[in-house]
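**Student:** Take a look at the following structure, please.
Just so it is clear, none of the values below were taken in a lab; they were calculated from the coordinates. These figures come from a predicted structure and were not determined experimentally. Counting neighbours? That spans all protein chains shown, and the Cβs are built from the backbone with ideal geometry, glycine included.
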Amino acid sequence: MSTDVSMPIEQTPIAGVTTIVDRKPAVIFGLATAGLALILLFAGVSDDTTFRLATPDDWAELPAVTVPAAPTAWLLVLICALCTAVSVSLLLKERRTPMVLVVVFAISWMIGFLTWAAAGASIPMVGLLAGSLALAVPLVFGALGGVLGERAGVVNIAIDGQLLAGAFAAAVVGSMTGVTWFGLVAAMAAGMLVALLLGLFAISYFVDQVIVGVVLNVLIIGLTSFMFSQVLAPNAESLNNPPRFDKIDIPVLGGIPLIGPILFRQTAVVYILYVVVALVTWALYRTRWGLRVRAVGEHPQAADTVGIKVNRTRYRTIILAGAIAGMGGAFYTLVSVPQFNREMTGGAGYIALAAVIFGKWDPIRATLAALLFGFASNLQGVLSVIGSPVPSQFMLMLPYVVTIFAVAGLVGRSRAPAADGVPYIKG
Amino acid sequence: MQLVLRGITKRFGTLVANDRISLTVESGEIHCLLGENGAGKSTLMNVLYGLYQADEGEIELDGVVQHFTGPGDAMAAGIGMVHQHFMLIPVFTVAENVMLGNESTGFAGSLDTQAARERVREISERFGFDVNPDAVVEDIPVGVQQRVEIIKALSRDAEVLIFDEPTAVLTPQETDELMEIMRQLKGAGKAIVFITHKLREVREVADKITVIRLGKVVGEADPKSSNAELASMMVGRPVELTVHKGPGNFGDEALVVEGLTVHDDLGRVHVDDVSFTIRRGEILAVAGVQGNGQTELTEALLGLQAHVRGSIRLDGSELVGRSVRRILEAGVGFIPEDRTTDGLVGGFTIAENMMLNRSHGEPFVSHGSLRLDELHEFASDKLKEYDVRAPGIATLASQLSGGNQQKLVVARELSRDLRLLVAAQPTRGVDVGSIEFIHKQIVAGRDAGVPVLVVSSELDEVVALADRIMVLYRGRVVGVVPSDTPREVLGLMMTGERPEGAVA
């Protein structure tokens, strides 16, 4: 027997990864295209559709685009069909559908749908998108809070509670002091308080994090509803009459056609949001703090063996996350609506949670996901105002349908932080 | 640096894991801590590393008494540990893992990744480690991951390095390389504590040997002692290290596996076109480093894997596509590799565990109700026959020691009429006494004419039990070779090489 002549097994085709390509994009493309085509077939339209793109203060006024509804919509269906065909052929070659294709498809489909739904009327595109951003603000704050918590290994179902507590605290403190900024700070404090409770049970007492989160939500709903009916309602003038943040038109930027009025004629809270998104992203990936947060969320024991205090890190992170989510709550009472109302978040915290997962636990992606959900919500409102043929009940479903499709359908497999939801017990 | 442990005692409830252990380790010396699984070696090291606090005793470095409240303190004092289960974050890069907890930062706490990469490169070059700082840990081989652990300790200027069972996950070649690294570190003046239960390794590198049994130091041993002397010190009585096995009496081919391919939900292939046969009365042992498809192979035989192609025929009838229950009824016995998750129900009694594979019908169930008398009688018999040391059959499985738990599994599986026995890591985490016993039982099954498939990551066990050896590498069969194949050849094969002439 000789051992000096040998053949490495690498020279033979090795066992490895056969990519199982996700069928979902192709299927969803196909179904969505067919759906749109069916709508056009059976509820055809003959009018023109106008897309209004300008607002009065832009540098240059973009012209309104008017197109004949039916041919345009059919053209877009054709584009969707092409995308579907490409996706199917990629699937047959065992390759993934690239993100670009998904984006092209989504935009074509959306414009096709809008063309049909708004036939005979005109759609204010700026209003549609700016409104989407407004509706998305609490979702983005909530989602950022969620991303931070889960990256540190704490599942935060209580985002909704944090939003609601934030809204309540902002309304009360804002009304009492008459200063919007105090209201905002109070909202952050309220979010932190909820986070502290979550931490106490989830981190210190190892209670199941999902259960604690749900219970906290119920608790906050109960508390704020009680306070609302017993304290706020009788003293609405002094306790539930908060001042509101004014819109600030940023010079120059605010005048950019289309983009300016959407992004740069907003309130201070929205500008804070931009900063927070950037800061959280930078901090999570580029700082010592972020490295440690991710470490305790992935492998707390390993973090412990290099001298990182796991539970202290988790507490700090979720309390910070609570402050961020609380700011989202303040948006409700200091920007959107001028007073606090019972259960006024309408489950937005759960949509934010969906955005965390759809965004694969990444701050930027979660932000984009939240914006998508905001768009879906606002579309519903805009279409019912311009009088679209879709029954309003169906339109009300839209944000939730988008959520389900997004999370279940298009995400594909995403990997949560390995120790997400697992309490760290030493030894 | 001189490390002195003096009278360390650590209790968990009523269990005394360390009983007044004293130890001295000097710079430039490799000090072996030899003992069986559960002897208290790892507990002692966790005390030293600050993960546990000792109930009594003190730790002294260069004459200064230390009070560690956490691993951070131990590291600051110059103690580094290479953990048995690596303490690395799989989704981080090597550099990120090395700097974690010890980060150099720039503006506003921003990470100085460049410095960490330099540090990794520098240490890596000094000791010839060949580690890429930008590789993601989960993508690199286990042997390299271990070097990352070593770099982690060295980058914190560790003077005392603890290696906790470092060779469990390594190929023989990687083990040799590790020994070389340990000698180099010793040459660089580090004090090394090497925890193991493998005698060969101890004799190869140790300067000093301390033997621990049942939480106590039983004495120091000379590195020149024989295997038998060391083993009897470790176990507390003379042990037979070899398996007595007569020449085989082989019958027809009972198990025929052809073109077996197993992949997981993500499409990764774990078993790739594997074909082999086992004759009646023959033990085929599967050698290979952990994670080369052994787990998936055994689970596929039992019908536990979802995506299986190919054919598994037992006595002529096809097993692929059958339910687990049908496969068990075909006479397949299975000793799973992890007894606590797959082999036993911890909260069940010994008797209840005994009937886990006989829960359908006679003899223990009739008309949907348990026949407890039959069960209890059966369980009591088997308890004696298989030497399971327990107060009685009503004892919970979770209260047994590893060795006794494993004997319970073996008893349950071997006490049926078997047409095939699949034993995955049958003696992992089991004391030497129980290993002897379990090996005897497996050989007895073989002598009774049962075809046996043994999977083990311990080469010693493979060589001791096998009539033939099949080596797996990355899910493929490298070769099937006779049991007297030299260890070096087997070691080479485990890295995927096919020594010419060795492969049947």
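**Student:** Relative to the present Cα-Cα distance, how much length would full extension add between residue B:222 and residue B:275 at 0.36 nm per residue of separation?
**Tutor:** Fully extending the segment from residue B:222 to residue B:275 adds 14.4 nm.
**Student:** Over chain A, with a Gaussian network built from C-alpha contacts below 10 Å, which listed residue (A:374, A:346, A:183) shows the highest mean-square fluctuation?
**Tutor:** A:346
**Student:** Next up: What stretch of chain A, leaving out the sites themselves, is the longest with no chymotrypsin sites (Phe, Trp or Tyr not before Pro) in a DSSP loop having at most 15 other Cβ atoms within 10 Å?
**Tutor:** A:207-427
**Student:** For the stretch A:24-120, what's the relative contact order in percent, using C-alpha pairs closer than 8 Å and at least 6 residues apart?
**Tutor:** About 39 percent, as a whole number.
**Student:** Further, regarding this structure: Take the Cα radius of gyration of the stretch B:3-235 and divide it by 2.2 N^0.38 Å, with N its residue count; two decimals is plenty.
**Tutor:** In units of the globular-protein estimate, the stretch B:3-235 measures up at 1.02.
**Student:** Here's another thing I want to ask about it. Using the 2.2 N^0.38 Å rule of thumb for compact globular proteins, work out how the stretch A:24-120 stacks up: its C-alpha Rg over that value, please.
**Tutor:** 1.25
**Student:** Per residue of A:293-304, count partner chain C-beta atoms within 10 Å of its C-beta, then hand back the mean as an integer.
**Tutor:** So the per-residue partner count for this stretch is 5.
**Student:** Okay, next question. Using just the helices of the protein assembly as shown, give the 222 nm mean residue ellipticity in deg cm²/dmol: DSSP H runs with n ≥ 4 each add -39,500 (n - 2.57), and the total is spread over all residues, rounded to 500.
**Tutor:** -14500 deg cm²/dmol
**Student:** Put a dot 7 Å past each Cα toward the Cβ at residue B:398 and residue B:326; how far apart are the dots in nm?
**Tutor:** Each label point is offset 7 Å from its Cα along the Cβ direction, giving 3.6 nm.
**Student:** Report the net charge of residues surrounding residue B:475, where surrounding means a beta-carbon distance below 12 angstrom and charges are Lys +1, Arg +1, Asp -1, Glu -1.
**Tutor:** Counting the neighbours of residue B:475, the net charge comes to -1.
**Student:** Mind jotting down the distance between the C-alpha centroids of the stretch B:1-66 and the stretch A:268-292, whole Å?
**Tutor:** Computed from Cα coordinates, the inter-centre distance equals 44 Å.
**Student:** Counting pairs of alpha carbon atoms under 8 Å apart in space and at least six apart in sequence, what relative contact order in percent does the stretch B:3-235 give?
**Tutor:** 30 percent
**Student:** Using a 10 angstrom cutoff on alpha carbons, build the Gaussian network for chain A and name the most mobile of A:342, A:151, A:286.
**Tutor:** A:286
**Student:** Separate question: Considering Cα pairs under 8 angstrom that are at least six residues apart, work out the relative contact order of chain A and quote it in whole percent.
**Tutor:** With pairs under 8 Å counted, the relative contact order is 25 percent.
**Student:** Right, here's the next one. Calculate the radius of gyration of the Cα atoms of chain B to one decimal place, then report Dmax, the largest Cα-Cα distance, as a whole number, both in Å.
**Tutor:** 24.5, 75
**Student:** Taking residue B:152 as the anchor, which lysines have their alpha carbon closer than 19 Å to its alpha carbon, excluding any fewer than eight residues away along the same chain?
**Tutor:** A:309, B:186, B:190
**Student:** For a label point 7 Å from the Cα of residue B:444 along Cα→C-beta, name the residues of the stretch B:230-261 whose backbone N is under 11 Å from it.
**Tutor:** Output list for this probe position: empty.
**Student:** A further question on this structure: By how many nm would the segment from residue B:2 to residue B:365 grow when fully extended, if each residue of separation counts as 0.36 nm and the alpha-carbon distance is taken off?
**Tutor:** 124.3 nm
**Student:** Using 1/(1 + (r/R0)^6) with R0 = 41 angstrom and r between the beta carbons of residue B:22 and residue A:285, what's the FRET efficiency to the nearest 0.05?
**Tutor:** Working from the Cβ atoms, E equals 0.30.
**Student:** Any idea what log10 I(q)/I(0) is at q = 0.17, 0.21 Å⁻¹ for the stretch A:258-302, Debye with uniform C-alpha scatterers and no solvent?
**Tutor:** So the normalised log intensities work out to -0.60, -0.71.
**Student:** Residues of the stretch B:204-221 with backbone nitrogen within less than 20 Å of a virtual label 7 Å along the Cα-to-Cβ line of residue B:15, please, listed as ranges.
**Tutor:** B:212-218
**Student:** In Å, what is the Rg of the alpha-carbon atoms in the stretch A:327-427, and how long is Dmax?
**Tutor:** So, for the stretch A:327-427, Rg and Dmax equal 16.7, 63 Å respectively.
**Student:** Going 7 Å from the Cα of residue A:384 toward and past its Cβ, which residues in the stretch A:110-152 have a backbone nitrogen under 16 Å from where you end up?
**Tutor:** Under cut-off, by backbone N: A:132, A:135.
**Student:** If you don't mind, another one. Summarise the long-distance tail of P(r) for the stretch B:253-494 by giving the % of C-alpha pairs beyond 21 Å.
**Tutor:** Here the tail beyond 21 Å accounts for 57 percent of pairs.
**Student:** Tell me which chymotrypsin sites (Phe, Trp or Tyr not before Pro) from the stretch B:338-417 have a DSSP coil assignment and no more than 16 other beta carbons within 10 Å of their own.
**Tutor:** Filter output for the stretch B:338-417: B:348.
**Student:** To continue, here is another question. Evaluate 2.2 N^0.38 Å with N set to the residue count of the stretch B:1-83, then give the Cα radius of gyration divided by it.
**Tutor:** So the Cα radius of gyration is 1.03 times the expected 2.2 N^0.38 Å.
**Student:** So, one more: At q = 0.33, 0.34 Å⁻¹, what log₁₀ I(q)/I(0) does the stretch B:287-326 have when each alpha carbon counts as one equal point scatterer in the Debye sum?
**Tutor:** With one equal scatterer per Cα and no solvent, log10 I(q)/I(0) is -1.17, -1.20.
**Student:** What translational D, rounded to a whole number of µm²/s, comes out for chain A from Stokes-Einstein when the hydrodynamic radius is the Kirkwood one over Cα pairs, at 4 °C and 1.567 mPa s?
**Tutor:** 55 µm²/s
**Student:** Residue A:107 to residue A:275: extension gain in nm, 0.36 nm per residue of separation minus the Cα-Cα distance?
**Tutor:** 57.7 nm
**Student:** In cubic angstrom, how much convex hull volume per residue do the alpha carbon atoms of the stretch B:257-309 span?
**Tutor:** Spread over its residues, the Cα hull of the stretch B:257-309 gives 79 Å³ apiece.
**Student:** Please compute the modelled spin-label separation between residue A:67 and residue A:23, points set 7 Å along Cα→Cβ, answer in nm with one decimal.
**Tutor:** For the pair residue A:23/residue A:67, the computed spacing is 3.3 nm.
**Student:** What is the log10 of I(q)/I(0) for the stretch B:430-504, computed with the Debye formula using one identical point scatterer on each Cα and no solvent, at q = 0.21, 0.23 Å⁻¹?
**Tutor:** Cα-only, vacuum Debye calculation for the stretch B:430-504: -0.94, -1.05.
**Student:** Using the Cα atoms as the points, what is the convex hull volume per residue of the stretch A:175-262 in Å³?
**Tutor:** Given the Cα convex hull of the stretch A:175-262, per-residue volume reads 164 Å³.
**Student:** Among all the lysines, which ones have a C-alpha under 17 Å from residue B:198's C-alpha, if same-chain residues fewer than 8 places away are not counted?
**Tutor:** B:41, B:208, B:224
**Student:** Something else: Stokes-Einstein D for the protein assembly as shown at 25 °C, 0.890 mPa s, Kirkwood Rh over Cα pairs, in µm²/s?
**Tutor:** It diffuses with D of about 76 µm²/s by this estimate.
**Student:** For the pair residue B:138 and residue A:31, what calculated FRET efficiency results from E = 1/(1 + (r/R0)^6), where r is the Cβ-Cβ distance and R0 = 41 Å, to the nearest 0.05?
**Tutor:** For R0 = 41 Å, the calculated efficiency reads 0.70.
**Student:** Of all the Cα-Cα pairs you can form in the stretch B:198-307, what percent are over 20 Å apart?
**Tutor:** Distances greater than 20 Å cover 62 percent of the Cα pairs.
**Student:** Sort out for me the Cα centre separation of the stretch B:394-455 from the stretch B:271-315, rounded to whole Å.
**Tutor:** Using only Cα atoms, the two centres lie 19 Å from each other.
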